[in-house]
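So the structure is just underneath, and the comments pick up after that.
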Amino acid sequence: MLSVPLVVLLGQVVLGLINGAFYAVLSLGLAIIFGMLNVINFAHGAFYMLGAFVCWLLLTHVGLGYWPALVVVPLVVGAVGVVVERVFLSRLAGIDHLYGLLFTFGLALALEGGFIFVFGAAGNPYPVPDALRGIVRLGPLILPLYRFWVITASIIVCLAVWLLIEKTRLGALLRAATENPRLVTAFGVNVPLLVTLTYGACVGLAGFAGVLAAPIYQVSPTMGSNLIIIVFAVVVIGGLGSIGGSIVTGLALGVIEGLTKVFYPAGSTIVIFLVMVLVLMLRPAGLFGRET
Amino acid sequence: MTDAPAPAARPRRLDVRDLHAWYGESHVVHGATFHVDRGEIVTLLGRNGAGKTTTMRALAGVVRTRKGSAHLDGHDLLATPPHRVARTGLGYVPEERGIFASLSVAENLLLPPVVRPGGVSLAEIHALFPNLKGRDRTQGTRLSGGEQQMLAIARVLRTGADFILLDEPTEGLAPVIVEEIAHALGALKARGLTILLVEQNIRFALAAADRHYVVEQGRVVDEFDNTTLRTDRARIDAYLGV
Ligand SMILES: Nc1ncnc2c1ncn2[C@@H]1O[C@H](COP(=O)(O)OP(=O)(O)O)[C@@H](O)[C@H]1O
Ligand SMILES: [Mg+2]
């Protein structure tokens with residue numbers, strides 16, 4: 001625990017960034033959904049799992065490979081999200097948001113249970129696409145190319161979403177509708193439609209993360225629920241409702257987790273929750289949340 | 001359209017009859033009847049809590065539980081889905097101004113979709129409200145109260161809305177700013193816009209508007225023209241309790 005070689009340290013930082021990349025993409029979507037719908041989307045992990053499964057099914061049953069899946073899967077998962085919002089969540093809008101939470105929690109259990117029933121609980125391997133086999137050297141570091149790709153793709157997607165929300169007209173509409181949906185409606189904007197599409201897009205983003213995850217982790221029905229608990233801690237630490245905050249927090253916590261593995265491996269599974277407790281004690285609104 | 005006196009010089013734009021509105025169970029507007037003709041500025045006067053703001057919210061579709069009838073240029077406002085009301089040409093400037101904190105001044109200004117051609121251009125807006133010039137990147141809610149009011153008005157003018165609901169634009173503002181807003185209203189009237197104005201400040205109402213309705217407990221109980229309002233102060237003071 002004393003003198004850790006720099007390369008090992010850097011290696012863990014990079015590995016931590018991979019987990020952090022998933023935390024960032026998922027907590028980003030959660031934060032946006034919470035802002036627009038006032039719903040804590042417990043089904044987010046299930047949509048991530050759905051993304052990985054659809055990706056795997058496309059390969060095994062349709063012969064559709066990784067690259068097309070990267071585009072098709074988010075669209076499929078997003079479409080499922082649109083239906084879920086239209087048929088269920090939109091009817092829960094305006095009542096206590098406990099109902100939204102209960103509904104999405106139930107949906108997550110149902111999806112997970114349904115996939116276990118049909119496909120069994122065991123994991124299914126998904127091959128790394130040919131173009132992303134091999135390794136990259138970053139100075140003294142050697143990293144599988146695929147993991148490098150996951151970090152890069154996630155960060156690019158996060159930045160793109162952030163730019164979309166902070167710098168475009170569509171983003172301004174989303175921010176305004178988050179603040180005062182009735183006034184934005186009175187200005188002539190179909191806010192319910194905007195809400196539906198936002199939910200679909202954020203859930204599609206979770207599906208995208210599922211595709212990225214498929215070659216790294218086993219594609220299994222429980223992969224979402226394992227991850228989502230941590231992602232919720234990330235959201236609490238970053239502060240609900242802050243887009244930039246959830247990206248930074250996600251990446252940072254992945255790194256903290258990675259470093260803990262070097263210095264105190266047994267603590268790596270709980271370090272994020274320790275950070276959460278600390279943050280809740282010192283800044284209950286989260287690191288990037290607005291104090292009210 | 002409606003049964004306006006036969007060859008009316010000004011066609012009727014807003015026609016409200018027996019309008020009722022509720023917040024949940026609480027019945028706030030109790031059968032308001034009034035009208036606004038093309039090019040007019042008409043005020044709703046009345047004490048705090050009389051239901052003026054609620055009347056405006058009901059017309060703008062912000063309050064959804066309503067009965068009675070309200071037509072703008074023949075469009076049935078109560079039957080129009082809330083996100084389509086703006087397309088009838090109605091621009092809503094709420095009492096609380098509704099400037100978005102997470103949007104810059106420019107984003108606030110450009111937020112409402114353009115509903116018809118002929119809106120006030122950005123150059124004209126900056127001529128009308130010089131305070132807004134050069135403030136594009138400022139956070140909307142960092143503006144002073146008066147500037148936020150200007151922004152709230154400018155925001156709906158840009159969309160081409162030509163019937164403006166303006167709820168207490170001078171509330172809590174310094175006299176200099178009130179004057180600027182009065183001047184802007186004059187310019188808008190000259191452009192042919194029609195305005196329904198809620199006002200507590202009688203002097204401002206006199207200077208800005210053509211006709212005045214008095215609202216009490218959710219009903220329109222009296223109507224004044226400018227001459228009566230000027231000469232019969234006792235009558236209006238009795239309503240407003242000043
Ligand atoms: N959001 C609301 N929910 C319930 N009651 C309200 C709400 N807003 C206003 N009221 C009540 O409705 C009545 C009319 O209010 P309002 O229309 O704001 O009056 P005014 O604009 O004439 O001062 C008041 O008694 C007020 O307390
Ligand atoms: Mg009012």
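Test of understanding: given chain A, find the longest segment containing no trypsin sites (Lys or Arg not before Pro) that are in a DSSP loop and have at most 16 other Cβ atoms within 10 Å. All intermediate terms of the calculation are to be shown ahead of the outcome.
Working: sites that count: A:ARG133, A:ARG290.
My reading of the result: A:134-289 is the longest stretch.
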Helical contribution to [θ] at 222 nm, DSSP H n ≥ 4, -39,500 (n - 2.57), averaged over the protein assembly as shown, rounded to 500: -16500 deg cm²/dmol
Dipole axis of the protein assembly as shown (+1 Lys, Arg; -1 Asp, Glu on Cβ), positive-most option in A:ILE256, B:LEU151, B:ALA50: A:ILE256
Length-normalised contact order of chain A in % [C-alpha pairs under 8 Å, at least 6 apart]: 39
Under the Karplus curve 6.51 cos²θ - 1.76 cosθ + 1.60, θ = phi - 60°, whole-Hz ³J(HN,Hα) for segment B:48-56, x wherever Gly or Pro sits: 4, x, 6, x, 5, 4, 5, 4, 5
Under 5 Å, built H, 5+ apart or other chain: amide partners of B:THR65: B:TRP22
GNM flexibility winner over chain A from A:GLY65, A:GLY188, A:GLY106 (Cα, springs under 10 Å): A:GLY188
Dipole magnitude of the protein assembly as shown about its Cα centre (Cβ charges: Lys, Arg +1; Asp, Glu -1), debye to nearest 20: 760
Label-reachable residues, segment A:195-224, where backbone N falls under 12 Å from a point 7 Å from A:ASN124's Cα toward its Cβ: A:219-221
Candidates per GluC sites (Glu not before Pro) in segment B:3-107, loop by DSSP, up to 14 other Cβ within 10 Å: B:GLU25, B:GLU96
Most fluctuating residue given options A:ILE256, A:ILE95, A:ILE270, as computed from a GNM of chain A linking Cα atoms under 10 Å: A:ILE95
Under-5 Å amide H pairs with B:ILE164, H placed in peptide plane, nonlocal only: B:GLY91, B:THR194, B:ILE195, B:LEU196
Cα convex hull volume per residue for segment A:10-282 (Å³): 140
Highest-fluctuation residue, A:VAL219, A:VAL118, A:VAL236 considered, GNM on chain A with Cα pairs under 10 Å: A:VAL118
Within segment B:1-145: Cβ-based charge dipole about Cα centre, in debye rounded to nearest 20 (Lys, Arg +1; Asp, Glu -1): 220
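So what's the protein assembly as shown giving for Cα Rg divided by 2.2 N^0.38 Å, two decimals?
Working: Rg = 28.7 Å, N = 534, 2.2 N^0.38 = 23.9 Å.
Taking N as the residue count of the protein assembly as shown, the ratio is 1.20.
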Of B:ALA106, B:LEU185, B:LEU14, farthest towards positive along the dipole that unit charges on Lys, Arg, Asp, Glu beta carbons give chain B: B:ALA106
Alpha-carbon centroid distance for the pair segment A:200-249 / segment B:130-195, whole angstrom: 44
Heavy-atom accessible area ranking, 1.4 Å probe, most first, across B:ASP222, B:ASP76: B:ASP76, B:ASP222
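For chain A, which DSSP H helices look membrane-span-like by this rule: Cα extent along the axis of 24 Å or more and mean Kyte-Doolittle of at least 0.5? Kindly include the intermediate steps, with their values, before the conclusion.
On the way: long enough: A:6-37 (45 Å, 2.20); A:66-84 (26 Å, 2.25); A:97-119 (33 Å, 1.69); A:145-167 (32 Å, 1.66); A:191-213 (33 Å, 1.84); A:243-263 (31 Å, 1.45).
Span-like helices, by this rule, are A:6-37, A:66-84, A:97-119, A:145-167, A:191-213, A:243-263.
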Cα→Cβ-extended label distance, 7 Å offset, between A:VAL136 and B:VAL221, nm: 7.5
Percent of Cα-Cα distances greater than 21 Å, calculated over chain B: 56
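Just tell me how shielded B:93-100 is by partners: mean number of partner chain Cβ atoms within 10 Å of each residue's Cβ, no decimals. Please report the intermediate quantities before stating the final value.
On the way: counts 0, 4, 0, 2, 1, 8, 3, 9.
Mean number of neighbouring Cβ atoms from other chains: 3.
Given an 8 Å cut-off on Cα distances and at least 6 residues of separation, report the relative contact order of chain B as a percent. Write down the numbers at each step before the final one.
Working: 456 pairs, mean separation 64.3, N = 242.
For chain B, the relative contact order is 27 percent.
Note down the magnitude of the dipole of segment A:10-282 about its Cα centre, charges +1 on Lys and Arg C-beta and -1 on Asp and Glu C-beta and zero elsewhere, to the nearest 20 debye. The partial results should precede the final answer.
Numbers: 10 positive and 7 negative charges, 66 e Å.
For segment A:10-282, the charge dipole is close to 320 debye.
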Positive-end residue of A:THR196, A:GLY139, A:GLY210, charge dipole of segment A:101-210 with Cβ unit charges: A:GLY139
Helix B:175-190 axis, angle to chain B major axis (alpha carbon atoms, nearest 10°): 80
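The values are calculated or read from the model by the stated rules, or taken from the named source; none is laboratory data. In this text, all values refer to a predicted model and were calculated from it rather than measured experimentally. As a convention, Cβ positions derive from the backbone with ideal geometry for all residues, glycine included, and neighbour counts pool all protein chains shown. Quick note on the areas: whole protein, heavy atoms, side chains included, nothing else; ligands and nucleic acids left out. Shrake-Rupley method; radii C 1.70, N 1.55, O 1.52, S 1.80 Å.
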